[in-house]
Every structure is written in structure tokens, then in C-alpha cells.
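Visitor: Take a look at the following structure, please.
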Amino acid sequence: MITLEDDELVFRFPEVHEDAVCSISLQRTLRIPDDDRDHPLPPGLGEFPLRHLDDYARNIPDHWLERGGVIMPMHQAEAMWIEFGGFHGSGYPFAIKIATGKINAISGEAWVPNLNADPQDYVVVPDQPWLDGYCVERGLIRQFVAMPLGSGYSAEEQLTGKGEHGGIQIVAYPMKASRYQEMRKSRIAEANVMRCMSVCESAEPDMGLAPGGRMKQEIYDDDYGLDAWDQRHPSKCFVTIANSTTWLAITGEVPPTTPPSASDYTDAGLPWFELFDADARALEGAAELQKLA
């Protein structure tokens, strides 16, 4: 079951486990220069607004209605990143697949509904707190940047020669309840030991995403293994991207302000940040995605 709550997609799997809840939000950010330099992660500027497509059935194309999901506005060349969170204190693990134009953002391969381990084509959350773009090398991604379909810039068009789908495709798979229960028991036992030790010791209507600048980010390997994930209970959502003019025509709402520039960030003194985790292993990156211009 997916609900839209305060511009976040909330995935719930009560049929699997009461703790199996996570949320995904799409965050506005600075578009970093595409200059072959490896940049640190830029900060978020707040969530993109999301709306149910069904609420605007009279104003949208039939093929948008058929695929369902939600709609969000992006200016051409505006950048975004995807945040994973909302685990309600449980830390319930999920395997999440992300694609743009039905091109997998982790493996660079065509979209398939199941999980693959060789190469790994999904991220594991909450271990992976966010995803900033296409995984092209170990520790490096190419930023998600909005471009109109038909321009030839989207990852979909560069790798397939066609601009049919656009948007963002998301599928979440919860961990099997039995594995989660085992993991939770282990964590409780570890916590009890630690407590004891402590006591003792004290554009066009359809838009797609194209690769932008290179950025430092590691996509972590799945330490749980493919068998940990409950592939019988996937939950999927299609995020349609509309340019600012189309968004206004469909919803009657003015989209967020124009994309910020590097000088805007400098003038505002906004911070940059990096994610550091010495223990997690990073994926090699997708050779197919390295072909993107």
C-alpha cells in the first residue's frame, strides 16, 4: 500500500510485518557543473511537491492515467536527489529499485520487475540514506537532471535511442518477516550485552532524467543477500515529471522557484556535506551508465 503524505511516498506492507514501513521523497538541489570533476554532495533545498495523478484526470493524457502514480514539477536542467527514510524507529530493511525512463539507475540495464544480484540493481535501505544519481563508478554517480523527452539527453534516449517512458520508476521490496525477526532478536541480544558491559565498565509535457555532473557517493553492496527480500510483495509507483508550464496547466499551482545557481548557494552560505561510512562496501558502478554523455 502506498500513500502520499506531506509530499512523501509512504510504503506500507502490513501483510508482511507491522514494522515494514518506509518513505521516499524527491529533493530539490543544486545542479553541479558537468566538468569531469568529482564534486561533493550538495545540500537539499526541500521536497518537490507530489500530487496524485487521479486527482487531475480531466487534464492529463490517457497514457499518464494508465500508468498511474504521482506527478511532480521540474524545471528543465533542474537537479534532484532521492531520500529514503521514515522507518518509524523500526529500521525495517528494504530493497528499493530506482529507474528513470525504465533504465535502472544502479545497473544501467533495462527495467525488470524482479531483483538481481549480479549485477546488483537495487539499493538497500536504511543502509543507503539517499541516491543522488546514476551509479557510474565505485564511489561516483552522475547527478539526476531533468530534460524534456525528445531532446536526446535523457539516459533513456542515450541508451535505447527512444524516449518512450520518462519519469521515475520506484519499486520497494520489504525484507522477509522471518529474516527481520531473526535480525531483531540478534539486535536485542547485542543491546543486552552492551548494557551489561556498560554497567560493568561504565520541457515537453513528458520529462525524463539525464546524467549531470559527477558526484562523490557510494552505493552500498547488499550484505543481507538476495534471499532476504520478499519479492512476493512488491509495491511500485510511477513518478511522472512535468515541466513548469505543464504543471501549472494541470494543477493550477505555481511550481517551486527557478533552479538555484552555484552563485546562489555561495551567496546563501549553504553547506555541502558528505556521507562517510568506513564499514560499508560500495558497488563497482555500471559500465552501461559510463557511456552516458
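Please treat every number below as a calculation from the coordinates, not as lab data. As the structure is a prediction and not an experimental result, all values here were calculated from the model. We place every Cβ from the backbone using ideal geometry, glycine too, and count neighbours over all the protein chains shown.
Visitor: According to a simple spin-label model (label point 7 Å from Cα along Cα-to-Cβ), what is the distance in nm between Thr266 and Ala287?
Guide: About 4.1 nm, to one decimal.
Visitor: If you don't mind, another one. When the chain is fully extended, how far beyond the present Cα-Cα distance does Thr3 get from Arg58, taking 0.36 nm per residue of separation? Display every interim value, and only then the final one.
Guide: Working: separation 55, 0.36 × 55 = 19.80 nm, distance 2.17 nm.
The Thr3-Arg58 span can extend by a further 17.6 nm.
Visitor: In Å and on Cα atoms, what radius of gyration and Dmax does region 7-78 show?
Guide: Expressed in Å, the Cα Rg and Dmax of region 7-78 come to 16.7, 47.
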